[in-house]
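See structure below.
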Amino acid sequence: MLMAAFSFILSTMQLSASPIIKSVDSGWKFREARLNNWYPATVPGVVHTDLMANKIIDDPFFRLNERGVQWIDKEDWIYETTVTPSADILKQDNIDLFFKGLDTYADVYLNDKLILKADNMFRQWRVSVKQYLHDGGNKLTVYFHSPIKTDMPKWDALKFHYFASNDQAQNGGVFDKKLSVFARKAGYHYGWDWGPRLVTSGIWRPVYIEAWSNSRINDVFIQQKSVTAQKAVIDGAVEVLSDEAKTATVVIDDANSGTVYGKQTVNLTKGKNVVHIGFTIKHPKLWWTNGLGEQHLYSFRTTLSEEKKMMDTKTCNVGIRSLKIIYHPDQYGHAFYVELNGHPVFMKGANYIPQDNFLPRVSNEKYEKLIKDAVKSNMNMFRVWGGGTYENDIFYDLCDKYGILIWHDFMFACSLYPAEGELLENIRQEAIDNVCRLRNHSCIALWCGNNECLDAWYGWNWKKDSYKMGKEIADKVWKQYCDQYQVVLPSVVKEYAPETFYWPSSPFASYSGYSNDKDGDRHYWDVWHGKKPIANYNIERSRFFSEYGFQSFPDYESVLRYAPDSVDWDIYSEVMMSHQRGGDHANKLIETYLLNEYRTPKDFKSFLYMNQVLQGDAIKTAIEAHRRDMPYCMGTLFWQIDDCWPVASWASIDYYGRWKAEQYYCKKAYRDLLVSPILKDNKLQVYIVSDRLKASDVQLDVQVMNMDGKIVNEFTKSVVVSPNSSKCYWDGDADDVLKGTPRNEAVVIVNLKTEKKSVVYSNHYFLLKQKDMIFPKTHIVCTAVPTQGGYQLTLKSDKFARAAYISTGDAEATFSDNFMDIIPGQNIIVDVKTKLSADKFNENLKVISLSDAY
């Protein structure tokens, strides 16, 4: 009856005219402040994209064009439009101008009256404009000050300088003046070891006029106080703004079913009011991560009414779950893992960076494609890294929808900051804005203070180098660090999202020293930066690997989009070196690793292909090692899933959205069941790792095959795989298993057949390095059948084909699989999505394997 009664009340309520929300997104123009020529502008947008749209600059991502646009960040820029409010807006008692994002130092004028001075890209800015707005056209002007000219005096005034290891100041023509530490702005805009230096300004998020009278809902926090399978105890904290003291009714119900969860009639005071509506949901539908269950979202609708007049309504889609970060001592050190709905869950995923240097270009479609790519790859976590940005709402909505948890850094990375006074308060407000904005999202697993700032203090000699500048300076810098990460940020999380875990830094073991392999999380870079062999992934341990990675170039079809001239097709060409920000040595390091593990590629195209196989094999090795080490290790997040521009980097998906070999390999390595062979002390061991919450009856098949496809030895075993576990289920002496087959001609093939016989989990393992294997020349037959939106390919090979790679000449084509091994006599089915005609597709279709590349 309560549901029906409230539904009737809603249907008979008189709807108020407020709040009225109008986007201010049209009629914008911009100009360089010291010049007079105006040009059309797009809002949201940034100066660089507007200059490109008006053909004033060329694409900075193409060849060496980045170098020619460094002047932009030294100029001031003016944006302007005319706002014509409707009569309905003007008659409201309250009219706000709401900027969701201004990048970064901006003065806002309405009819030439200064109404706002903004200084933080990450904050939202709201200002009352009722007194300034009039009937007809109103001139709205945003004056952007050069971030370089604004912050240069701050650098010059210091007797010492803050560390900022990735700031590419010299590329920007400002010598060694690493100004990024002074601006509350995305650190990667100043350059990083995978990104260009493109320091933007602009109205980078939407602008609205919001008008209302009497009262409105300002915010709703659905605080999950306690959640079990039996009941969820929830406090709905509703923030109401009121023009005067009055009586109002606040109701929280289900927007789909109309079920009323709570209702309260309250006496509002003038200004801000917080109304708490507590309620319990019996036997809630729980929210699970990708692979473990449904991502059910409740639609909690909050309604504010006065008498029979509805004043405002707001709906929040929330997944109910019990989510805890467990960090406690054990016999090894300190365990660190995610517990979801009472179950320890192994985290499988990647680090995420912004998808473009020009953030407004990241469309909702791009967000969804990348998150769906993660879901298809069996991931359940992203780490949103601290040198980027707090993402748009749609990013977190999609992570809620698809079951991707977020490890969220605050936006601080690889630097020390002058965190005191006005800047520290600015940081506090930034944290409040974003913690409050995101706290209803089921995907938020934890907030982390920074990326590698503590590790740098102890491990990169920043502490030692600070004391070289003087004890007073070092003590000051360290106090700023502690105030920022041990006081301000954890206090914000505790106050505004009390059920969310705060982690001081990544990596972190303790405040007193280096990260290690026994406590907390670890960034492991001895493979790659430390030049250790890839095999080291099999022996290094951590409770949670939150970073590790291996570089590769994009594939040839992607390279053609930013380096189409053959003069550039050399890894040491000026263009290819410019599109590599990991240091002058990085392309050489790729080559060194490649030649250590593989044979010499015959040409540039082959190098790109083999480098991707190298990267894929390396990260596959790491993922399997980490999963085998469960439950000691409970998470593996490789660096990184995406790129912000076309570049040689650690990304598994390139800037254009094309999967590298690494993404195809991690998709298989992240499945809910993993069968993983490993050679230890001449003993071949086969582990089965399960993320399932129930036991699994499987058949394990272990085969040794030669390159002609002949099975020289085979073992079969029925096993019951324990839930949420890793265990060695089979082993044998390697020489006995091989039965005289030379190791360089043997492939170990392992298969798991589940209770659903059609579902097979497979893996291939080699007993020697790839360069020592004798992979034969192969004849791969590929037949194509047209399907809706593309073609279905069937591939067969006469001999074992290692890392068969399909190319079509279409840079937009997508593949259900690629870089896969083909066993003789086996049919491999691959679905290709492409707009190519049949003639063009068949003309450009090519399939090679590793033996074709050298």
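The values are calculated or read from the model by the stated rules, or taken from the named source; none is laboratory data. Everything numeric in this text was worked out from a predicted model, so none of it was measured. Cβ placement follows ideal geometry from the backbone for every residue including glycine, while neighbour counts extend to all protein chains displayed. Areas reflect the complete protein model, heavy atoms only, side chains present, ligands, DNA and RNA absent. Shrake-Rupley method; radii C 1.70, N 1.55, O 1.52, S 1.80 Å.
Worth pointing out:
- Averaged over residues, the count of other Cβ atoms within 10 Å places the peptides 342-349, 467-474, 788-795 in the sequence 342-349, 788-795, 467-474, highest first.
- Gain in span if fully extended, E239 to S512, counting 0.36 nm per residue against the direct Cα distance: 94.2 nm
- With a cut-off of 14 Å on the backbone N, the residues of region 513-550 near the modelled label site 7 Å out from K464 along Cα-Cβ are 514.
- Average Cα contact separation per residue, region 99-228, under 8 Å, 6 or more apart, as relative contact order %: 27 percent
- Mean separation of Cα contacts under 8 Å, 6 or more apart, over the residue count of the chain: relative contact order %: 9 percent
- When you count the other C-beta atoms within 10 angstrom of each residue and take the mean per peptide, 797-805, 578-586 line up highest first as 797-805, 578-586.
- Estimated FRET transfer efficiency (K739, D603; beta-carbon r; R0 41 Å; 0.05): 0.60
- Subtracting the Cα-Cα distance of I432 and N364 from their residue separation scaled by 0.36 nm leaves 22.0 nm.
- Listed candidates (i) 35.4; (ii) 46.3; (iii) 38.2 - label of the one calculated as mean projected area of the Cα convex hull in nm²: (iii)
- Per residue, the solvent-accessible area of region 695-854 (1.4 Å probe, heavy atoms of protein chains only, all protein chains present) comes to 47 Å².
- Ranked by solvent-accessible area (1.4 Å probe, protein heavy atoms only, all chains present), the residues D433, D565 order from largest to smallest as D565, D433.
- Reachable aspartates and glutamates from K401, criterion Cα separation under 18 angstrom, eight or more residues apart if same chain: D254, E294, E365, E368, D373, E391, D393
- Acute angle (nearest 10 degrees) that the helix 147-157 long axis makes with the longest principal axis of the chain, alpha-carbon atoms: 90 degrees
- Relative contact order of region 208-309, defined on C-alpha pairs under 8 angstrom at six or more residues apart (%): 29 percent
- Summarising the strand pairing of the chain, around 85 percent of its internal DSSP beta bridges are antiparallel.
- Residue-wise HN-Hα coupling along region 214-222, computed from phi with Karplus coefficients 6.51, -1.76, 1.60 (Hz; x: Gly, Pro): 6, 8, 8, 8, 8, 6, 10, 10, 8
- Distant-in-sequence amide contacts of N138, defined by a placed amide H-H separation under 5 Å and a gap of 5 or more residues or a different chain, comprise V83, T84.
- Listed peptides 274-286, 737-749, 546-558 appear in the order 546-558, 737-749, 274-286 once ranked by packing, highest mean of other Cβ atoms within 10 Å at the front.
- Accessible area of D151 in the full protein assembly, 1.4 Å probe (Å², nearest 10): 0 Å²
- Cross-link table K620/K835; K680/K739; K660/K840; K324/K694; K376/K710; K113/K314, entries beyond 26 Å C-alpha to C-alpha: K620/K835; K376/K710; K113/K314
- Those Cys residues of the chain for which no other cysteine Cβ falls under 4.7 Å: C316, C414, C436, C448, C453, C482, C633, C644, C666, C728, C782
- Solvent exposure of M577, expressed as accessible area, is near 50 Å², computed with a probe of 1.4 Å over the protein chains only.
- Solvent exposure, largest accessible area first (probe 1.4 Å, DNA, RNA and ligands not counted), of T150, T592: T592, T150
- Annotation: per residue accessible area for region 362-455 equals 24 Å², rounded to a whole number [probe 1.4 Å, protein chains only].
- Net charge dipole, region 514-660: roughly 460 debye, given to the nearest 20, about the Cα centre with Cβ charges of +1 for Lys and Arg and -1 for Asp and Glu.
- Estimated FRET transfer efficiency (K272, V720; beta-carbon r; R0 51 Å; 0.05): 0.30
- For L323, residues with placed amide H under 5 Å, excluding near neighbours: N341
- Carbon-plus-sulfur accessible fraction, the chain (probe radius 1.4 Å, protein heavy atoms only): 50%.
- At R0 = 56 Å, FRET efficiency that the Cβ-Cβ distance of K263 and K376 yields, to 0.05: 0.85
- Only helices enter the 222 nm calculation for the chain: every DSSP H run of n ≥ 4 contributes -39,500 (n - 2.57), and dividing by all residues gives -6000 deg cm²/dmol, rounded to 500.
- Using a probe of 1.4 angstrom and keeping all protein chains present, the accessible surface of region 21-145 works out to 44 square angstrom per residue.
- Degrees, to the nearest 10: 604-628 long Cα axis against longest axis of the chain: 80 degrees
- Pairs from the table (K177/K532; K605/K799; K225/K270; K369/K667) lying more than 25 angstrom apart at Cα are K177/K532; K225/K270.
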